[in-house]
Amino acid sequence: MRGIQLLTMLLIGCLWVAGHASRERGGRLRSQRRGKTAVGGGVEKKRRLQRLQQGPCSYTFILPELGALSDPRPLAEGAVVGRGAQRDAPTPGWEGPPTELRRMSPGKLQHLESAMRNTSQWLQKLEASLQLGAGRKGARLQHQAVQDQTATMLELGSSLLSHNVQQTHKLSLVEAKVLNKTSRIEVQLLENHLSTNRLEKELLLQTNQINRLHHHNSRLEQKVQMLESQQRGQLEDLKEGKNQLQAMVKSQMVAMESLERQLMVARRNSTALQMTQAQLMASVHSLLTMMSSTTVHRWRDCTDIFKAGHSTSGLYDIYITNISQPVQVYCDMETSGGGWLVFQKRFDGSVDFQRTWREYKMGFGDPLGEQWLGLEALHRLSLLGQYSLRVELRDWEGNQVYSQYDLFNLAGESHRYRLVARGYSGTAGRQSSLSSHGMAFSTPDQDNDNCDTCKCALMLTGGWWFEACGLSNLNGMYYSLGQNIRKVNGIKWHHFRGPSYSLQSTAMMVRPYDF
């Protein structure tokens, strides 16, 4: 845009110079035809204005004074003409170049001056060639050529101005597009600002959640530390139990040595023992004779005894299928309507329940004290029909609860005395601490649990239906008050007092389901 303005001003200047030269040549030709009539100070000089119309633009030129150029010969650059005025000096009354020219930088002004100088030289050469021509026709032709050149330059200026208008219009369109894009960018910046605010809010929410998670993790770490401390305490208790077991083993070794000594003494007294045996045999024969002379009641279980009119709890003899001798059992005739046959009882720790598979099979203990009836007798009893199981529990704070199962069945030895107990009800927890799908019995010398990497009977002590070390063990170590906390190998029932609380007393009993 700035370059077009400079070119336009340059064209105007060139046109002015051309017009000026044309008027000078016309004046010289007229002076030559009229003759030299100049008288010192006689002829009055007049100024002339030349107006040119080219399309929508008009151009006004101030022509030099008439008679200012008296010598028709071409003058050298800078020569004095007329009354001492230079050839290139500005015409009086001319106000100087336009404002745009005055605002130009020095470099551009020098370039313009150089172009004007070249144009002036070209015009001088043209003037000289015109002066060399002969006659009026040559001057007219020269004048016509100058006018044609001037018209051509005016047309060029007009086209430049038209091009300037088009460029201005295009610039306006570009400016409008720039403003449109600027407004779009501002809208996009506003949207980005809003999305940035939303992201900041989301980031703040995420930060708050992370802080809450850190707080939760710290609490979990504290709980883990507490559990680790409890596990350390339990490990210490296990070590203490191990030491006690070692002490018991030592005491058993001492007892075995004592028994061996007594056996040696018994061998020495074999004759006396044989005499005693003969006396015992005679007594047995006499007893058999007495029993054959009296009537014997063969009860199958405590329910038969209860129905026979015996409502007092105590010891009774029952006859179990495929067992020739009567089995002495304790019958509970008071709990939940009576008729219960008690096959397991613990309350003071007087009987050691750390026994072998054979001992748990045949039974041990005292029916009036702590007792285990025996797996084989219990299995044969369950073959008589459908039995129910009841488990009585009591803790050291005096709380007494029970768990009852409508269906109780115990498989034979070939199936590891697998226990099935279903139809749970009772007050010893919301759910059963015995598995309902069947568990095999395990002892320290015969591992039948479902734990692949451990032996529950060795770790938790005693014989029980452990499954995978399970939720209960009523034949574990007996711990007295004050030592019953954090004992994983004690007498436990998980859904009553948890996995490491050793109970004070337990009783397991059965009776027919249809009692």
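The values are calculated or read from the model by the stated rules, or taken from the named source; none is laboratory data. From a predicted model like this one, the values you see are computed outputs, not experimental measurements. Note that we place each Cβ from the backbone using ideal geometry, even for glycine, and neighbour counts take in every protein chain shown. Remember, those area values only see protein heavy atoms, side chains included, never the ligands or the DNA or RNA. Shrake-Rupley method; radii C 1.70, N 1.55, O 1.52, S 1.80 Å.
Can you tell which of 155, 175 is in contact (Cβ under 8 Å) with a residue 12 or more places away in the chain, part of a helix (DSSP H, G or I) and charged (D, E, K, R)? When all the criteria are applied, what remains is 155.
Just the residues that are part of a strand (DSSP E or B) and open to solvent by 20 Å² or more (accessible area, probe 1.4 Å), please, taken from the range 365-389. Reasoning before the result, please.
Step one: of the range 365-389, the residues part of a strand (DSSP E or B) are 365, 371-372, 387-389.
Selection gives 365 alone.
The requirement of being free of Cβ contacts under 8 Å to residues at least 40 places away in the same chain and either hydroxyl-bearing (Ser, Thr, Tyr) or closer than 26 Å to residue 498 by Cβ (or both) is fulfilled somewhere in the range 369-390, by at least one residue. The sole residue among 433, 414 that is closer than 21 Å to residue 468 by Cα, among the small types (Gly, Ala, Ser) and in contact with a helix residue (DSSP H, G or I) (Cβ under 7 Å, 6 or more places away or on another chain) is 433.
When you check residue 250 against the structure, is it open to solvent by 90 Å² or more (accessible area, probe 1.4 Å) and at pLDDT 90 or above, yes or no?
Values: open to solvent by 90 Å² or more (accessible area, probe 1.4 Å): yes; at pLDDT 90 or above: no.
Judged against the criteria, residue 250 is not a match.
With respect to the conditions (1) buried (at least 20 other Cβ atoms within 10 Å of the Cβ); (2) without any contact (Cβ under 8 Å) to a residue 60 or more places away in the chain, residue 341 lacks only one, and its number is (2).
Quick one: count up the residues across the range 480-515 that are open to solvent by 10 Å² or more (accessible area, probe 1.4 Å) and either free of Cβ contacts under 8 Å to residues at least 40 places away in the same chain or farther than 17 Å from residue 236 by Cα (or both). Quick ask: steps written out before the conclusion?
Going residue by residue through the range 480-515, those that are open to solvent by 10 Å² or more (accessible area, probe 1.4 Å) are 480-483, 485-489, 492, 494-501, 504-505, 507, 511-515.
With the extra rule that they be either free of Cβ contacts under 8 Å to residues at least 40 places away in the same chain or farther than 17 Å from residue 236 by Cα (or both), the set shrinks to 480-483, 485, 492, 494-499, 504-505, 507, 511-515.
Qualifying residue count for the region: 20.
Scanning the range 413-466 for residues that are open to solvent by 70 Å² or more (accessible area, probe 1.4 Å) and within 20 Å of residue 507 (Cβ to Cβ) yields one hit, 427.
Only one of the numbered conditions (1) part of a strand (DSSP E or B); (2) crowded, with 18+ Cβ neighbours inside 10 Å is not met by residue 407, and that is (2).
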